[in-house]
Amino acid sequence: MEKGQNYLVGIFNDEDVLLKAVRQVREKGVKIFEVYTPFPVHGLEDELGYKKTRLPIAAFLFGLTGTILALTMQMWMLGVDWPMIIGGKDFVSLPPFIPVTFELTVLISAFGMVGTFMVVSDLKPYKDPNLFDKRSTDDKHVMAINLGNNSLASDDIKSILSDVGAEEVNETQR
Amino acid sequence: MQATSSLRESLVTGGKTVHDVTQDICSRVEDKPNKTWLGAMTLSLITLGIGAYAVFMLLWDGIGVWGLNKTVGWAWDITNFVWWVGIGHAGTLISAILLLFRQKWRMSINRAAEAMTIFAVICALMFPALHMGRLWLGFYWALPLPNTFGSLWVNFNSPLLWDVFAISTYFSVSLVFWYIGLIPDFATIRDRATNKVSKAVYGALSFGWDGAAKTWMRYESVALILAGLATPLVLSVHTIVSFDFATSVIPGWHTTIFPPYFVAGAIFSGFAMVLTLMIVTRKVYKLEDYITIYHIELMNIVITITGSIVGIAYITEFYMAWYSQVPAEGYAFLNRMAGPYSWAYWSMMTCNVISPQLFWIKKIRTSIAATFIISIIVNIGMWFERFVIIVTSLHRDYLPSSWAYFSATRYDVGVYLFTFGIFFTLFFLFAKFFPVINMAEVKSIIKTSSEKKD
């Protein structure tokens with residue numbers, strides 16, 4: 001993010017007002033930088049026009065890695081490296097290998113997906129969240145608009161924000 | 001967006017606003033610990049200390065200090081292990097399966113229930129670890145690591161090894177699931193923090209969470225997939241635990257009914273433990289508006305259902321013992337009911353089969369005192385269930401000259417107390433320093449205005 005940009009910050013009290021406001025603001029041609037909410041607001045990502053996250057695909061691929069890893073590991077260890085007759089079964093008998101395969105699939109899928117989520121969302125310890133308004137983790141919804149990216153004048157956007165139901169509109173720099 | 005019928009009872013009472021949720025939950029973290037908490041913490045640390053002595057003696061002298069003998073080689077250790085793992089199942093059921101079923105009442109109890117899961121699994125892990133005697137060698141016995149025997153690998157055909165993978169996966173996935181849910185709430189505490197220490201600690205724990213719409217979108221997707229992964233995982237864990245018995249050829253263990261029967265029993269005992277803990281937490285932290293009678297009633301209904309499944313499973317086992325016409329099988333079950341351990345069997349039947357049926361009466365299932373008592377009775381009963389399955393099936397084996405009776409020693413009791421110490425110490429620490437209710441989720445079911453999305 002570039003430093004020293006000017007932002008308009010609209011504070012909203014209710015998630016349904018916010019959803020309407022996001023739509024109306026975008027219809028008027030104002031580009032929204034980001035909306036910060038204290039809890040997940042369903043439908044907000046659609047109103048903001050975000051593309052669906054591809055994390056499910058990542059989860060599937062990590063899971064597939066886990067399956068292949070677990071199967072090859074067991075087959076190689078008990079089938080190739082040190083074959084042993086256990087309970088009269090074949091060296092490589094698939095049914096007893098299924099539980100470990102399933103567990104490793106789940107393990108690697110979960111950790112891989114969560115790790116990807118952390119990386120793409122840039123979540124890490126000691127990161128400064130640099131919030132526009134501290135109330136956004138309490139009870140207010142915060143809509144940030146980067147003035148540098150918008151052609152409309154600051155006062156025009158301010159009046160649009162007030163019209164669509166913002167409780168307060170502040171101007172900040174960061 | 002989901003439509004909720006206006007006929008449904010409100011899940012959060014007392015006309016709470018979104019800000020009230022923050023205030024009510026965060027103030028428990030911010031306030032100085034009260035006397036009740038300090039007293040409870042002291043008690044659990046004393047328990048932990050007594051237990052630690054038993055664990056030390058166990059490691060010093062070996063498992064000979066337990067009451068095991070040549071015939072009964074498995075008793076309290078595996079009983080306690082299965083009991084704790086079972087208790088853990090309720091947390092995952094509440095947070096994952098109820099999320100998939102869109103049951104919103106899970107929201108005020110899932111945080112504490114998941115914490116309970118994690119702590120219960122830690123307690124469970126103590127038993128397989130400690131019973132090995134030389135637990136520092138356990139890694140080589142349990143994990144496929146290259147070793148000095150020219151890499152003689154672990155036996156992937158053994159249900160005990162499946163257990164290692166199942167329990168460790170279950171523990172780590174539950175931990176991640178729980179932590180992901182905690183991040184937004186840690187951010188709330190961080191932004192309210194006034195002193196330096198809590199600012200730094202919760203700042204680190206919250207991973208720089210800012211609540212951006214894009215992050216929430218990904219967060220919800222991650223939560224949904226983790227729930228989807230945790231659901232078959234939790235069912236697999238107790239299934240594999242039951243395989244420890246079911247794949248053997250001991251009469252009384254060798255039954256195909258075990259996996260569903262164990263899973264139902266696990267959810268049964270887990271919900272009972274959630275209720276025991278939540279009724280106390282709710283009272284001490286004055287959370288009556290978040291965990292309402294309605295929540296307690298719903299949990300009691302789950303207890304009645306799973307308790308009935310367990311009861312039917314007991315009866316089915318008896319029927320199959322007769323229907324199979326295998327003398328050893330028939331004897332194992334008659335011995336259970338009328339043998340030297342019949343006291344354990346009838347305790348189990350009373351606690352597990354009869355007591356949950358009382359919840360058919362609305363007055364009892366909406367009474368806090370009755371729920372609290374029955375929840376403890378159920379957990380006693382579920383402990384006896386595992387004891388009955390394990391010890392009564394072993395103590396009279398194929399050779400009558402080696403028949404024996406198992407009695408617990410004080411070290412059996414001491415190691416069990418040790419896990420209680422761990423469990424309650426961790427739970428009280430959690431209740432003091434972590435938000436006990438998932439604030440972000442509860443906020444999402446509170447309506448701030450009459451405005452409707454068109």
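The values are calculated or read from the model by the stated rules, or taken from the named source; none is laboratory data. Just so it is clear, the model here is predicted, and its values are computed rather than measured. A quick note on method: Cβ atoms are made from the backbone with ideal geometry, for glycine too, and the neighbour counts reach across all protein chains shown. SASA here: full protein model, heavy atoms, side chains in, ligands and nucleic acids out. Shrake-Rupley method; radii C 1.70, N 1.55, O 1.52, S 1.80 Å.
Here are the numbers for this structure:
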| item | result |
| --- | --- |
| Count of the stretch A:78-107 residues which are facing another protein chain (nearest Cβ under 9 Å), aromatic (F, W, Y) and open to solvent by 40 Å² or more (accessible area, probe 1.4 Å) | 2 |
| Among residues of the stretch B:241-258, those that are open to solvent by 10 Å² or more (accessible area, probe 1.4 Å), part of a helix (DSSP H, G or I) and either of a type in the set (F, W, Y) or within 9 Å of chain A (Cβ to nearest Cβ) (or both), counted | 1 |
| Residue list for the stretch B:186-207, restricted to those being at the interface with chain A (Cβ under 7 Å from one of its Cβ atoms) and surrounded by fewer than 21 Cβ atoms within 10 Å (Cβ to Cβ) | B:A204 |
| Any hit, the stretch A:135-149, residues being at the interface with chain B (Cβ under 7 Å from one of its Cβ atoms), over 30 Å from B:I240 (Cβ atoms) and not hydroxyl-bearing (S, T, Y) | yes |
| Qualifying positions in the stretch B:25-62 - open to solvent by 80 Å² or more (accessible area, probe 1.4 Å) and among the hydroxyl-bearing types (S, T, Y) | B:T36, B:Y53 |
| Residues of the stretch A:19-39 satisfying the condition of being part of a helix (DSSP H, G or I) and either more than 23 Å from A:G148 (Cβ to Cβ) or open to solvent by 50 Å² or more (accessible area, probe 1.4 Å) (or both) | A:L19, A:K20, A:R23, A:Q24, A:R26, A:E27 |
| Residue match in the stretch B:56-66 (condition: within 26 Å of B:S242 (Cβ to Cβ) and of a type outside the set (D, E)) | yes |
| Boolean, B:Y140 is more than 7 Å from chain A (Cβ to nearest Cβ), part of a helix (DSSP H, G or I), farther than 20 Å from A:T105 by Cβ and free of Cβ contacts under 8 Å to residues at least 12 places away in the same chain | yes |
| Residue in the stretch A:39-58 that is charged (D, E, K, R) and in contact with a Leu (Cβ under 6 Å, 6 or more places away or on another chain) present | yes |
| All positions within the stretch A:136-164 that are open to solvent by 30 Å² or more (accessible area, probe 1.4 Å), within 27 Å of the chain's Cα centre (by Cα) and of a type in the set (G, A, S) | A:G148 |
| Residue within the stretch B:165-185 that is outside any helix (DSSP H, G or I), over 15 Å from the mean Cα position of the chain (by Cα) and within 10 Å of another protein chain (Cβ to nearest Cβ) present | no |
| Complete set of residues in the stretch A:40-56 that are at the interface with chain B (Cβ under 7 Å from one of its Cβ atoms) and not in a loop (DSSP other than H, G, I, E, B) | A:L44, A:E45, A:L55, A:P56 |
| Of all residues in the stretch B:102-131 being open to solvent by 10 Å² or more (accessible area, probe 1.4 Å) and not in a helix (DSSP H, G or I), the one that is nearest to B:L426 (Cα to Cα) | B:H131 |
| Yes/no for A:V9 being touching a residue at least 40 places away in the same chain (Cβ under 8 Å), assigned to a strand (DSSP E or B) and more than 10 Å from every other protein chain (Cβ to nearest Cβ) | yes |
| Checking A:A110 against (1) surrounded by fewer than 15 Cβ atoms within 10 Å (Cβ to Cβ); (2) facing chain B (nearest Cβ under 7 Å); (3) aliphatic (A, V, I, L, M), the condition it does not meet | (1) |
| Search result, residues across the stretch B:147-164 that are over 19 Å from B:V85 (Cβ atoms) and more than 10 Å from chain A (Cβ to nearest Cβ) | B:N147, B:T148 |
